[in-house]
Amino acid sequence: MAQFYPPVGFHFKVEFIGLGNHGDTRFTEVGGLAVEMGSEEVAEGGENRFVQKYPTRAKYPELVLKRGLLKDSGVWKWIKESIVDYAIKPSNVDIHLLNESHEPLMTWHVIGAWPTKWAVADLNASSNVYAVESMQLAYQYFTVDKG
C-alpha cells in the first residue's frame, strides 16, 4: 500500500508573466494564498435569537512576497512604475509548488495582480541577516492546477 506524504512548503517558484523573470523568481516567502466566502447578515423580524446569514462573493486577501533585496529587477521596475509613477499595469503571477524533480505539483494562477505596497525590512547593525524586501499585491482571483 502506497503511503502519502504531504509536499514540502519550501520548494516553490514565483513567475511574473511578461516581466522578465531572470532573478525575480527567488522569493523566500509567499503569503496570502487564500479565498474566503463573504456573507451578509439579515436581521429577520419577529425572531431575535439569531440573524440569517447569506453568502455573497469570494474574497481574496492581498498576496505578500518576500525575498532578498535585489538592486536590478524587472519586478522592482514594475512596482516603481505602478506606485511612484502611477502607471498601473496589472500582471498575472504563477506560483508553483515543486516536487523533488523541480516539476510543478500545484500551480496557483494569480490573475490581475498589481502592487499596493513595497517595503524593506529594518536595517540593524547588530543582527546578522540579509536585507529583505517585501511586496504586497492586490489581485482579482486565482485558479489552482493540481498535478
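Taking the conditions (1) among the charged types (D, E, K, R); (2) surrounded by 13 or more Cβ atoms within 10 Å (Cβ to Cβ); (3) farther than 22 Å from Val120 by Cα in turn, Arg67 satisfies each one other than (3).
The residue of region 84-102 that is surrounded by the fewest Cβ atoms within 10 Å (Cβ to Cβ), among those that are assigned to a strand (DSSP E or B) and among the polar types (S, T, N, Q), is Asn92. Only one of the numbered conditions (1) assigned to a strand (DSSP E or B); (2) out of contact with any Ser or Thr (no Cβ under 6 Å at 6 or more places or on another chain); (3) among the charged types (D, E, K, R); (4) over 19 Å from Glu29 (Cα atoms) is violated by Asp145, and that is (2). Scanning region 103-140 for residues that are in contact (Cβ under 8 Å) with a residue 40 or more places away in the chain and loosely packed, with under 11 Cβ neighbours inside 10 Å, which turns out nearest to Glu81 (Cα to Cα)? Across region 103-140, the extreme among qualifying residues is Val120. Could you list, in sequence order, the residues of region 1-16 that are hydrophobic (A, V, I, L, M, F, W, C) and modelled with pLDDT under 90? Result: Met1, Ala2, Phe4, Val8. As a summary of the residue check, Asp24 satisfies the conditions (1) under 16 Å from Val144 (Cα atoms); (2) acidic (Asp, Glu); (3) at pLDDT below 85 except for the one numbered (1).
Just one of the numbered conditions (1) of a type in the set (Phe, Trp, Tyr); (2) in contact with a Phe, Trp or Tyr (Cβ under 9 Å, 6 or more places away or on another chain); (3) part of a loop (DSSP other than H, G, I, E, B) is not true of Trp108: (3). Among the candidates Lys59, Lys80, Lys66, Lys71, the residue that is basic (Lys, Arg) and more than 16 Å from Leu137 (Cβ to Cβ) is uniquely Lys71. The requirement of being among the small types (Gly, Ala, Ser), out of contact with any strand residue (DSSP E or B) (no Cβ under 7 Å at 6 or more places or on another chain) and under 18 Å from Phe27 (Cβ atoms) is fulfilled somewhere in region 50-73, by at least one residue.
Looking across region 83-105, just one residue is touching a Lys or Arg at 6+ places or on another chain (Cβ under 7 Å) and either at pLDDT 95 or above or not aliphatic (A, V, I, L, M) (or both), and that is His96. Take the residues of region 29-74 that are aromatic (Phe, Trp, Tyr) and not in a strand (DSSP E or B): which is modelled with the highest pLDDT? Selected residue: Tyr60.
The values are calculated or read from the model by the stated rules, or taken from the named source; none is laboratory data. Predicted model, so just to flag it, every value in this text is computed and none were measured. Cβ sites come from the backbone with ideal geometry, for glycine too, and all protein chains shown count toward neighbours.
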